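The values are calculated or read from the model by the stated rules, or taken from the named source; none is laboratory data. This one's a predicted model, so the numbers in the text were calculated from it and none came from an experiment. Cβ: placed from backbone, ideal geometry, glycine included. Neighbour counts: every protein chain shown.
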Amino acid sequence: MPVMEEHYTVGELAERAGISVRTLHHYDEIGLVVPSERTPGGYRSYRPADVERLAHVLAYRACGMPLEDIRIALDESGDGLIDHLTRQLDLINARLDALGRQRAALKKGLEAATMGINLGPEDRLEVFGEHDPGQYADEARERWGQTDAYRESHRRTSGYTKEDWQRLGAESEAIEQELAECLALGLPADAPRARAAAERHRLHIDTWFYPCSSEMHVGLADMYVADPRFTAHYDDRAPGLAEYVRDAVYANALADGS
């Protein structure tokens, strides 16, 4: 007894493929997916080979390939199933890579905007390099978003120009270098030079971001040691610098009477 080959009406295939009947009609009209048969009443009837061809069409479309290029790939290339699947996988991977880069760029843009950094991607790269402060924007907003300090920092930084960020960065670099030199010279953290550097550090925050009292400065200094990311920032410059900065901040706060 002969085995009846499975077939689909245009509505059934459209539902199975997740596309519209109108799309299938269009593919038929341009010769991209032509049903193998028609019923006596003239209705389209699709066979398994038609379904497989449609699957290739939809896969190529998902890769962004134009319909005419798809037709050429299916009709004129002479490629078999493995060739088509391999090409589709390569195209999808390339598309995912491109989307990944676009997603990363958009995420950085959003993070920077959240932090009030109104600079374009090239300017941010020039000013911050790989250490874009926007990378912790979500965490900062979650931890401190309701505080006056966060709101004030956002208010100030949202108006900073590229030149402002460059000046800010240069000042920060000079202060951290001064603290590293104090450590390298073996000066105690409560030595006048170290305390003066710690005070410059506090005033830098107070000037550029938000009012930073000695008490708040001590809280920040504790975080420099408690949070491995901040510790790494300082210790990458000089091993032990994070603890030294904390101790100098403590010494400065005590000298200030806090």
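To keep it simple, each residue is scored yes or no on (1) in contact with a strand residue (DSSP E or B) (Cβ under 9 Å, 6 or more places away or on another chain); (2) within 19 Å of residue 253 (Cβ to Cβ); (3) acidic (Asp, Glu); (4) surrounded by fewer than 19 Cβ atoms within 10 Å (Cβ to Cβ).
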residue	(1), (2), (3), (4)
195	no, yes, no, no
199	no, yes, yes, no
220	no, yes, no, yes
224	no, yes, no, no
Scan the range 31-50 and give yes if some residue there is assigned to a helix (DSSP H, G or I) and buried (at least 16 other Cβ atoms within 10 Å of the Cβ), otherwise no. yes
Residues 210, 244, 234, 250: which one is crowded, with 18+ Cβ neighbours inside 10 Å, touching a residue at least 40 places away in the same chain (Cβ under 8 Å) and not in a helix (DSSP H, G or I)? 210
Just for helices (runs of 4 or more DSSP H) wholly inside the range 54-139: which have at least 3 residues that are at pLDDT below 70? 81-114, 121-128
